[in-house]
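Please treat every number below as a calculation from the coordinates, not as lab data. What you are looking at is a predicted structure, and each value in this text was computed from that prediction instead of being measured. Counting neighbours? That spans all protein chains shown, and the Cβs are built from the backbone with ideal geometry, glycine included.
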Amino acid sequence: MSARRTPSRTASLVTLGCARNEVDSEELAARLEAAGWRIADDGDTPDVVVVNTCGFIESAKQDSIDTLLAAADSGAKVVAAGCLAERYGKQLAEALPEAAAVISFDHYADIGAVLDDVVAGRPVKPHTPRDRRFRIRLPSWRDVDTACSPQSRWSCRSAAGCPPSARTASPTPPTSAPQHSERGGRIPPRSPAW
């Protein structure tokens, strides 16, 4: 039976802020373990402390800065991650030389390699913050309309992004049986291309 190799590199994760940061920290921990890092237990001295910061309100920003400085006092290399790091990036890196790296959300996929660089003393270039709202193209109602075939349009009617013509359609699926109006007159069936 072979002995299992224990990773020699250890990281500690400090999570500040909201539940989203808790989820992000869990993701970072899993990625670090997959990259061969060990998450430090309480009392262990880690090689790197990753502080998942919060930048929502002034008191959370100050708490994040205080936590980064306290982590630097421990002797470990410090990495700023999370909302404060994402929002202020290069500016935070310049104002806080105690942090060995200030990383963006884009660094999360390769967090193991980023921390390898930090431990080896290689610089990690801080990002320049940008407006991320326009990076993701959300579908418009036109996309929904063109994606629906005449046979499947009924299911598209209930979608939030459905075209106006579908929103005004009858509240029941079309049938081949004749329909009658409230006054008793026959309503002609709709064409499949409605």
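Taken along the Cα-to-beta-carbon direction at a fixed 7 Å, the label points for residue 30 and residue 57 span 3.1 nm. May I ask you to derive the relative contact order of the range 40-106, considering only C-alpha pairs under 8 Å and at least 6 residues apart, and to give it as an integer percent? Relative CO of the range 40-106 lands at 33 percent. Between residue 113 and residue 90, the C-beta separation translates, for a Förster distance of 25 Å, into a calculated FRET efficiency of about 0.80.
For the range 20-34, putting each phi into the Karplus relation 6.51 cos²θ - 1.76 cosθ + 1.60 with θ = phi - 60° gives couplings of 4, 5, 4, 5, 4, 5, 5, 5, 4, 4, 5, 5, 5, 4, 5 Hz, in residue order, rounded to whole numbers and with x for Gly and Pro. Proximity of backbone amide H atoms, modeled 1.01 Å from N, is registered between residue 10 and 38, 47, 48 at under 5 Å, excluding neighbours fewer than 5 places apart on the same chain.
Projected label points at residue 18 and residue 38, each 7 Å from Cα along the beta carbon direction, are separated by 3.5 nanometres.
Note on residue 105 and residue 74: their simple-model spin labels are 2.6 nm apart, each label 7 Å out from Cα toward Cβ.
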